[in-house]
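Report on the structure given below.
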Amino acid sequence: MKIDIRVVRTPALIALVAAGLCYGSLSGSGWFRETQEKEWQRQERVAREMMLKYQAAAEDVQQIAVYYPRFKNYKAQGIVGVEDRVLWVESLQSQARALQFVSLTYSMAPPAIFSSPRFGKLVGADYYGSAMSMDMGLLHEEQLINLIAGLQADAKGVFSVDECTLERKGKRLDRSGDAANFTGHCQLMWFTIKGREGHWGESS
């Protein structure tokens, strides 16, 4: 039996092309699924990163709501920000006048970065200390105690008493009110917290 090649050739070519199309379709669908899966994974990763950023931002906003009013209050009290040395001196002079000191001399050193193991370390800020030295002529010893108490109550800022000495000048007290019966010396340290460059919108 003879087979006419011309008759068989066309169906054979059609079958071959169809087989190629089927294979291409199958492999193409696999590539499509793989591409779609990678894209889905990428979008899921982006969505997860965005959610983490959103959660972090929400926590930051909550922290600001809690702590920013305190921060503003500390600034108003003179604890945070640039030291107000003029007000410290004015408060000292006002207390001395009210307590009727016989004499008062004082000096104040420039602010310097202050470190202490008790205070720990700050992020983006530094502790500053300004040393104030005072020499006083007093009528009685309670004037020195009242001065420290008055500064703690009225002065804008925070300070510590580093040293205080009191010495009686004579054996007998002068009750005229014109002469000092005691000499006092105190060393105070006034504290502030200042942001470094780029923090809190302030320059160090």
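The values are calculated or read from the model by the stated rules, or taken from the named source; none is laboratory data. Keep in mind that this is a model prediction, so the values were computed, not measured. Note that we place each Cβ from the backbone using ideal geometry, even for glycine, and neighbour counts take in every protein chain shown.
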### Task
Output yes when any residue across the range 165-177 is in a helix (DSSP H, G or I) and either without any contact (Cβ under 8 Å) to a residue 40 or more places away in the chain or under 38 Å from the mean Cα position of the chain (by Cα) (or both), and no when none is.
no
### Query
Among the residues of the range 84-99, how many are closer than 8 Å to residue 150 by Cβ, part of a helix (DSSP H, G or I) and not polar (S, T, N, Q)?
1
### Message
Given the criteria of a type in the set (Asp, Glu) and modelled with pLDDT under 80, does residue 59 qualify?
### Response
yes
### Task
State which residue is modelled with the highest pLDDT when the search covers only the range 162-204 and only residues that are loosely packed, with under 13 Cβ neighbours inside 10 Å, within 30 Å of residue 83 (Cα to Cα) and among the acidic types (Asp, Glu).
163
### Message
Within the range 177-185, does at least one residue satisfy the condition of being in the same structural domain as residue 114 (by TED's automatic domain parsing) and within 30 Å of residue 75 (Cβ to Cβ)?
### Response
no
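Kindly indicate the residue of the range 82-103 that is among the aliphatic types (A, V, I, L, M) and more than 15 Å from residue 155 (Cβ to Cβ) and also surrounded by the fewest Cβ atoms within 10 Å (Cβ to Cβ) among those meeting that condition. Spell out how you get there, then give the answer.
Step one: list which residues in the range 82-103 are among the aliphatic types (A, V, I, L, M), which gives 82, 86-87, 89, 92, 96, 98-99, 102.
Narrowing the set further to residues that are more than 15 Å from residue 155 (Cβ to Cβ) leaves 82, 102.
Working: 82: 13, 102: 18.
For the range 82-103, the residue satisfying everything is 82.
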